[in-house]
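Step one of this worksheet: look at the structure below.
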Amino acid sequence: MSAEQFAEVGRGIRLCFEEIGDRDGVPLLLIAGLGQQLISWPTEFCESFAAQGMRVIRFDNRDVGRSTHACAAPPNLLATVRGRVPSDGYHLADLARDTVGLLDALGIEHAHLVGASMGGMIAQVVASRRPDRVRSLTSMMSTTGAPGIGRPRWSTWLKMAARPPRTVEEAVRSEVKIFQHIGSHGFVFDAPAIAAQARLAWERDRDGASEGVARQLAAIFAAGDRTAELAAITAPTLVIHGDRDRMVAPTGGLATTRAIRGARLLVVPGLGHDYPRAAWPRLTEAILGHIRAATEKPLRSPIDDVAPVPSIVSSKPTRRIREKSQA
């Protein structure tokens, strides 16, 4: 595994990233979710892909971890949920351009994309707008932005609205508490692992992390309903969702699968909004199978045990900049 590195990706944005595996391997880009740093992709999980000959790249999106943080005032959560998005914020399309900029900086022509939660949304936008850069798409625990689809439970919103932690101890307690809520209730909860990750995340970004989360959330709401855009995706697509997800309701995975022509859906029983160790074999097997099929054939191939789509039921920062969305 390489040490943390930095790449200028354009428009004054600098992203922190790590590479795991052979630099001559097939590129696999892992895109993290809302407020999550590159360390949210467990190292051993990444190494399981590297062991199969892949060049795994994980990175901090802007506004979290050691990547560039914006200087715009953080928006109010309630206002964001009600649709009042600040004019000086950015958009999912900006995060997608950051992602393509990282590929450019690394000299990667095209890659397999795996995005989780907000990272899935970013990967979807890259796939729809820059199909030439995407060999396959795996959208995990994500959604389309359609109203009433894939939304958090109200109990989840309340936890997200809690006062930001002011010390590392508070950060650890907060992270354990939220993942006890949104995590995989069908698997053993590993509190020590969550606590260790929270401590490392605090050390990597103790200055303005909560403000970055607010701005990222506003970017999601600013993008609105992306269902029509998803119809333009041509990359072979696998959608993975847990049936116990309290952050992004399972309807989000169903809607994503329906929106992308030829997409296949894998519903993992007991999975919530995290990556419990016991689920790693199932997840890596499905993703690797999808990547192999996409690499071997120009068209989408069926994935073993992937369900047909049912009907939808509605239900250290490097610099700080101010940027207005160009989306």
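In the range 204-249, how many residues are of a type in the set (Val, Ile, Thr) and either surrounded by fewer than 19 Cβ atoms within 10 Å (Cβ to Cβ) or assigned to a strand (DSSP E or B) (or both)? Let's see the steps before the verdict.
As a first pass, look at the range 204-249 and keep what is of a type in the set (Val, Ile, Thr): 213, 220, 227, 233-234, 237, 239-240, 248.
This time we only want the ones that are either surrounded by fewer than 19 Cβ atoms within 10 Å (Cβ to Cβ) or assigned to a strand (DSSP E or B) (or both), so: 227, 234, 237, 239-240.
Looking only at that region, the number is 5.
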Residue selected from the range 108-153 under the condition of a type in the set (A, V, I, L, M) and assigned to a strand (DSSP E or B), by the criterion farthest from residue 222 (Cα to Cα)
111
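Residues checked against (1) in contact with an Asp or Glu (Cβ under 7 Å, 6 or more places away or on another chain); (2) of a type in the set (Phe, Trp, Tyr); (3) surrounded by fewer than 18 Cβ atoms within 10 Å (Cβ to Cβ); (4) within 19 Å of residue 62 (Cβ to Cβ):
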| position | (1), (2), (3), (4) |
| --- | --- |
| 100 | no, no, no, yes |
| 105 | yes, no, yes, yes |
| 110 | yes, no, yes, no |
| 113 | no, no, no, yes |
| 119 | no, no, no, yes |
| 122 | no, no, no, yes |
| 127 | no, no, no, no |
| 137 | no, no, no, no |
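Residues that are at pLDDT below 95, more than 21 Å from the chain's Cα centre (by Cα) and in a loop (DSSP other than H, G, I, E, B): does the range 267-282 have at least one?
Our first condition is that a residue be at pLDDT below 95; within the range 267-282, this holds for 275.
Right, trim to more than 21 Å from the chain's Cα centre (by Cα) and you get none.
Checking the range 267-282: not a single residue is at pLDDT below 95, more than 21 Å from the chain's Cα centre (by Cα) and in a loop (DSSP other than H, G, I, E, B).
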Just a yes or no: is a residue in the range 50-72 surrounded by fewer than 21 Cβ atoms within 10 Å (Cβ to Cβ) and under 20 Å from residue 223 (Cβ atoms)?
no
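The values are calculated or read from the model by the stated rules, or taken from the named source; none is laboratory data. All values reported here derive from a predicted model rather than from experimental measurement. Cβ: placed from backbone, ideal geometry, glycine included. Neighbour counts: every protein chain shown.
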